[in-house]
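Remarks on the structure that follows.
Each value in this text was obtained by applying a stated rule to the coordinates, not by laboratory testing. Values in this document were obtained by computation on a predicted structure and should not be read as measured data. When we count neighbours, we look across all protein chains shown, and the Cβ atoms used for this are built from the backbone with ideal geometry, even at glycine.
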There are 6 protein chains.
Amino acid sequence: MKNWLQENNWKETEEQIKRGKGVAIIPIGSTEQHGLHLPVGTDTYVAITLAEAAALETDALIIPPLWFGWSPHHMVLPGTITIRAEVLVEYLFDVIKSMSEHGVKKFVLLNGHRIVNIIWMQLAAEKVQRELDVEIKIFDPAYMSKDIVKELGYGPVGHADEIESSHMLYRYEELVQIDKAVDNPISKKDLYSVDPAYEHDTLCYVPSSIKVAKAHAEKSGGTTGQPSKSSKEKGKIYHDHLVKNLVKVINQLQI
Amino acid sequence: MKNWLQENNWKETEEQIKRGKGVAIIPIGSTEQHGLHLPVGTDTYVAITLAEAAALETDALIIPPLWFGWSPHHMVLPGTITIRAEVLVEYLFDVIKSMSEHGVKKFVLLNGHRIVNIIWMQLAAEKVQRELDVEIKIFDPAYMSKDIVKELGYGPVGHADEIESSHMLYRYEELVQIDKAVDNPISKKDLYSVDPAYEHDTLCYVPSSIKVAKAHAEKSGGTTGQPSKSSKEKGKIYHDHLVKNLVKVINQLQI
Amino acid sequence: MKNWLQENNWKETEEQIKRGKGVAIIPIGSTEQHGLHLPVGTDTYVAITLAEAAALETDALIIPPLWFGWSPHHMVLPGTITIRAEVLVEYLFDVIKSMSEHGVKKFVLLNGHRIVNIIWMQLAAEKVQRELDVEIKIFDPAYMSKDIVKELGYGPVGHADEIESSHMLYRYEELVQIDKAVDNPISKKDLYSVDPAYEHDTLCYVPSSIKVAKAHAEKSGGTTGQPSKSSKEKGKIYHDHLVKNLVKVINQLQI
Amino acid sequence: MKNWLQENNWKETEEQIKRGKGVAIIPIGSTEQHGLHLPVGTDTYVAITLAEAAALETDALIIPPLWFGWSPHHMVLPGTITIRAEVLVEYLFDVIKSMSEHGVKKFVLLNGHRIVNIIWMQLAAEKVQRELDVEIKIFDPAYMSKDIVKELGYGPVGHADEIESSHMLYRYEELVQIDKAVDNPISKKDLYSVDPAYEHDTLCYVPSSIKVAKAHAEKSGGTTGQPSKSSKEKGKIYHDHLVKNLVKVINQLQI
Amino acid sequence: MKNWLQENNWKETEEQIKRGKGVAIIPIGSTEQHGLHLPVGTDTYVAITLAEAAALETDALIIPPLWFGWSPHHMVLPGTITIRAEVLVEYLFDVIKSMSEHGVKKFVLLNGHRIVNIIWMQLAAEKVQRELDVEIKIFDPAYMSKDIVKELGYGPVGHADEIESSHMLYRYEELVQIDKAVDNPISKKDLYSVDPAYEHDTLCYVPSSIKVAKAHAEKSGGTTGQPSKSSKEKGKIYHDHLVKNLVKVINQLQI
Amino acid sequence: MKNWLQENNWKETEEQIKRGKGVAIIPIGSTEQHGLHLPVGTDTYVAITLAEAAALETDALIIPPLWFGWSPHHMVLPGTITIRAEVLVEYLFDVIKSMSEHGVKKFVLLNGHRIVNIIWMQLAAEKVQRELDVEIKIFDPAYMSKDIVKELGYGPVGHADEIESSHMLYRYEELVQIDKAVDNPISKKDLYSVDPAYEHDTLCYVPSSIKVAKAHAEKSGGTTGQPSKSSKEKGKIYHDHLVKNLVKVINQLQI
């Protein structure tokens, strides 16, 4: 697929940048535990599939994926790789700086690692906007599905939950072992919710401490939410909704 | 007021830490342009007044205020001081580390500079929780007033808007020149809102680029929102609501 | 008091900068143990009161105070907050850089935390002078009272000593508990004195190691010097002398 | 392919680590111009195909690929992404640290970006060996084919040369446009050769300055060497030789 | 001379450390312009000769000299090399850390680059004392000759002045071209003197800005002071006084 | 010797830069254990003697030597000083930057600490070439004697081996105690050799871990190789060969 930068030679890259009207998508995920039923690459797969679907409709260039994100709170289970946030900021800065020197001035940071990666992406986005005269949008599936998740009958954003599991079932069924899923429903807390769709007063998100993360891991094998509610069909609705929004965002940049 | 650390000698500090059950509030604001009607210290004043009110009810210790925050997008108007986010993270780290060595293990980061400061506070919070075995809550007025702002008839979070102006009128009337306020109503954008109470799909917040900030500054003298709608009475409702929530958060930590 | 930046809106800031002829005072103190009779905020209070007095006579702008300094050697007693020197350098750099973009090109770094803060201030001063084309003066009470301290009958610079205690008695009597003061007279050492007024050969100042600081803390509750010799009247002489010098320094910059 | 970390859930990761006897391969490439006939992802593809082939024979775990390397000298042509060496060191440090906390203690850094990446990999390798008690081997195709490249009738290591082109033809024929290749034979220089197989006195490698790189780019579209000499068959000999060596290195670690 | 670390093998180093009772001298100078009559290595030569003389009497180990210091204000004339203060702190940290792992726990930082180097040495000294449990003394010729310089009839500390020139004449006559010296007497300034022997109120030292340094360079070829007053005999008095003090400091550490 | 920067005043420095046609040699060694028969300064002495010999023939300027290098793997024996590679990069950057501001644009980094220092020198070289428009050559004795070492009948590059020992015997006989030398012949390893003259497939160099280094230290007192084979005559052949190559490299830069 010629939207992926890595498959082009440098001359074709020039042409692809023009075709995509100077917009590039950077898929950024994580490699981290996702319970007993999802692969540790889940977040990156999510970013990849959304990027590919939207690139097909917009001709945007896709940068090779960043497989590692900020996951300090998931180090309690094997397979998790976490990079310090300050290193990720500099790493992404260099990716964007390099491409901006080749004429790409508009970027969509496509976050497959819902919520958590947003923090360092915001720092990186502000820094490159200020220093490099580029325009950055941060696209996060949790913030971009507020309109539909409740309609689907799904609970708040968790981890390896019914939302992610449905999405993976729809796009990467061969990597999902839904029979191994363990439910761990999210209990309401007074004045705290991670979910961007939460409508009431709340403290702000801070990644769980190791102590709290360990308790989760023991209870449910790393899951927060109700993966048993997953369905391929709802995964499709979720996927199509996100792609539609992503295409809209890219089109706004391509004008 | 003996809740303020700086007024105690070291022996009294020990006693005050005990009285406050090991909880400290760190008021963190900004020094930045707030339109033609509010002082540049607004965000820090907000953090100070909330801290004082909640400390009275909880005996929590208050750390001297951090007067400077992350304000790169307001440098277009005089009086704005911005510290790089990575410097703020290390600065706050040292404040918390110092107090944790004196036995304070629970902190409320009280953000007077709505939304923008949250980003680097989250990085700092994760870092100290992991390295120092402390517990951190981030309290932001915009996230903690989702329940009431619409009832007050106020628009989304802006800058030097009716929410901030009402609060300042109620608590620091002598510093407000409401007659100089210029309205600059927030227009709806497709797929983007800064307001945590926004109920629809949205891209994530990124501080405005200098270009966009300049346009604002010229249009309204730095205001986004409708300060003309401000009222001291509504400022009191807002203030009391925030203090009630803050007291609740502190009490949860004091158990 | 309109000399304080934080009380002005951005338009008034512009005017105040002009009135002060482009000179700003940055009061920099510490939050650290000051024996059993002085509050931990002592150094910052000192910087604040000197800044206010001199601003009244010169119209200089005052930047909100930096409450935390470099105090690694006082961490042995509660209430002390220390920031790493390298973080303070970057923090102050950003404060000065921000204000220099608004047209302030001359700064007096007003050190309330005698001697110790000078070190990192010198690094910051050199850096901003080289990179930002500003002019920096470092004003330290110990260096600026060499002419009078001996006349007052006071011993060398210590900590929470008769000099600081007299000054605090004169300016912040309500925060001083002079009856709790414990004397700990400074013994002469061969080839070492911290005091800038010392007239003989000496090694250079290095902050005490934790071991040495602990011994002090146990002996006198954190005091070095003879606070029992304090007097409000002498505090006034000291204060007036410093203000006179500070006004002179500012006036030299305002030409 | 279950050797790839990303396809496993955390429980399977545990098992795969055991199966691979605690050895992991980290494929590290680059995204950079490779003349008019090879894709910009060439170096990463090389690392991936070698990793997969050796993993099949050894059960070693493969970490998701690092698509970006240190390529400052190729920024003269589009599609090149370069990360600062000091950022790459910290990034790789965190990857290895994360996996070492999950029990992986032996790593092969598999460099697809011949020669250039070695430098920062050595720094990272020394650092993790000292701080984390792990064992690191750096495997570079140019150093690991000294025994055969001359037999194949190939010239010294260049860029997008007959060696790389043959390898890509054998493994990724669909990404190669050999008809577009431009030859740019390497001229002998007195006392300087980049090639590890060079037998005479030489200065050490330093990446070309931008000036020199530009001259190359204009002359041959980014190629150094003679891609016209490429052949799929020789690509196979080269590939098999490297895989044999890589398997041997992994086996030595698995004992 | 076996006091110099570099001349010993590792076994002899062990013995030399014992003989010197665990004390090491680190001679730290600069390479910077010293007017038209002194070599750019002057400050390092000063540190070397003092170290050698004191080592002879105390058996202290001498670490190889640091030829480069912090000299941003002398970059206006050729031959000056300046290292950023923050780099010097880390560099010296590693030197001390390395030797402390071999059992040396007491260090004299011997500053040949009067005044200017003290600043970063203080930061380094505090850092190593806190982190490595070592004891550090900073020995500076200007602070250690307050007792005699006036008796010699010399003016305040300048640059390439009569003090340094006399010392160099006495110890390195072959490197001095006293006939080329240009006088540039130091004029009294209100409230400012660099000289540690100055008895009146003063601002603190900040290295000259480039603008000021340039003016000096044009006026006198880089000299501040009156080198014409130099004399070998007075150089001897100065040298012997410093060596006597240095021996005393080392002896205090050797107990 | 007027080629040494430190012996010149700033005016003579200008002249010497011209005489040397803008080329400077930076001798960089190490201070580290070199077995029982060589001084810890060996690597720096090697760099110094080569620099002096080549400067005599080319008029190149010599910068004062850097006595400390990157030696983490030799910390197991006393007298070794190691600086972190990232600190060395910044330190050398500042040295080159300072001299480039005085008109020196071509540098030979002369490595006395064979192989190990090359790594960080390459990083520094790339950085200064990119940022400062200078030209850098890295000259390493092991890479520059591939043509003759086998002829001399010497084994591969080790540590304190017959090559270094012969060189030291020829140039610094008074510092060598050849009777104390302990042989520790280098055994062939499959797929690994540090020697740049090695003709077969090999992994890349990584400095030994502490564990491995300790084993060496116990076995042979820190030697790897066969110092018993040393000879002053062969040392002369080696030295003259290196000087001839170094002169050639400098001459190429002087055109």
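Of all the options A:GLY112, A:GLY29, A:GLY155, the one that moves most in a Gaussian network model of chain A with Cα springs shorter than 10 angstrom is A:GLY155. Once you order the gyration tensor axes a ≥ b ≥ c over the Cα atoms, which shape class does chain B get: rounded for a/c under 1.5, otherwise prolate or oblate by comparing a/b with b/c? Cα axes put chain B in the prolate bin.
Just checking the listed ones, F:GLU162, F:GLU90, F:GLU131: in the Gaussian network model of chain F with Cα springs under 10 Å, the one fluctuating most is F:GLU131.
Over the stretch A:137-245, what is the relative contact order in percent, taking alpha-carbon pairs closer than 8 angstrom and at least six residues apart?
Numbers: 142 pairs, mean separation 48.2, N = 109.
Relative contact order of the stretch A:137-245: 44 percent.
Taking amide hydrogens as placed 1.01 Å from N in the peptide plane, the amide H of D:TYR192 sits under 5 Å from those of D:LEU203, each at least 5 positions away in sequence or on another chain. Separation of the stretch C:140-197 and the stretch B:95-141, taken as the distance between their Cα centroids, equals 36 angstrom.
Pop the C-beta distance of D:ARG19 and A:GLU173 into the FRET formula with R0 = 35 Å and round what comes out to the nearest 0.05. Walk me through the intermediate numbers first.
Working: r = 25 Å, r/R0 = 0.71.
The pair D:ARG19/A:GLU173 has a calculated efficiency of 0.90.
Between amide H atoms placed 1.01 Å from N, distances below 5 Å from C:HIS159 occur with C:THR224, C:GLY225, all of them 5 or more places distant or on a separate chain.
With the charge dipole of chain F set up from +1 on Lys and Arg Cβ and -1 on Asp and Glu Cβ about the Cα centre, the Cα lying farthest toward the positive end among the listed residues F:ALA24, F:PRO207, F:ILE62 is that of F:PRO207. Counting, for every residue in C:140-149, the Cβ atoms of other protein chains within 10 Å of its Cβ and taking the mean gives 3. Relative to the other copies, what are the label-point distances for A:LEU132, with labels 7 Å from Cα along the C-beta vector, expressed in nm at one decimal and sorted shortest first? Label-point separations across copies, in nm and ascending: 2.6, 2.6, 2.6, 3.3, 3.9.
The charge dipole of the stretch E:5-254, taken about its Cα centre with unit charges on the Cβ atoms of Lys, Arg (+1), Asp and Glu (-1) only, comes to about 240 debye.
Residues of C:206-217, mean number of Cβ from any other protein chain within 10 Å of their own Cβ, rounded to a whole number? Can you show the working numbers first?
Working: counts 14, 6, 2, 8, 3, 3, 2, 0, 0, 0, 0, 1.
What the average comes to for C:206-217 is 3.
Using only alpha carbon pairs under 8 Å that are at least six residues apart, calculate the relative contact order of chain D and give it in whole percent. Working shown, then result.
Working: 493 pairs, mean separation 59.8, N = 255.
After rounding, I find 23 percent.
Checking the Cα-Cα distances for B:LYS137/D:LYS97; E:LYS106/E:LYS127; E:LYS97/E:LYS127; A:LYS214/B:LYS97; D:LYS150/D:LYS219 against a 19 Å cut-off, the pairs over it are B:LYS137/D:LYS97; A:LYS214/B:LYS97; D:LYS150/D:LYS219. The 3J(HN,Hα) values that the Karplus relation (6.51, -1.76, 1.60; θ = phi - 60°) gives for the stretch A:30-42 are, in residue order, 7, 10, 7, 3, 10, x, 8, 10, 10, x, 5, x, 2 Hz. Gly and Pro appear as x. For the stretch F:147-158, backbone phi angles converted through the Karplus equation (6.51, -1.76, 1.60; θ = phi - 60°) give residue-by-residue couplings of 5, 10, 4, 5, 4, 6, x, 9, x, x, 4, x Hz, Gly and Pro being listed as x. Pairs of Cα atoms nearer than 8 Å and 6+ residues apart set the relative contact order; for the stretch C:55-182 it is 17 percent. The two copies A and C are related by a rotation, and the chain A beta carbon nearest its axis, with distance in whole angstrom, is A:GLU86, 9.
For A:HIS200, the point set 7 Å out from Cα toward Cβ sits 2.6, 7.1, 7.3, 7.3, 8.1 nm from its twins in the other copies, listed from shortest up. Close amide H contacts of C:SER71 (hydrogens built in the peptide plane, cut-off under 5 Å, sequence separation of 5 or more or a different chain): C:ILE83. Put a plus charge on the Cβ of each Lys and Arg, a minus charge on the Cβ of each Asp and Glu, and nothing anywhere else: the dipole of the protein assembly as shown about its Cα centre is then about 0 debye. Here E:LYS18 yields copy-to-copy label distances, from shortest upward, of 5.3, 5.3, 5.7, 7.8, 7.9 nm, the label point defined as 7 Å from Cα along Cα to C-beta. Taking E:LYS229, E:LYS188, E:LYS214 as the candidate residues, the one with maximal mean-square fluctuation in a Gaussian network model of chain E, Cα springs under 10 Å, is E:LYS188.
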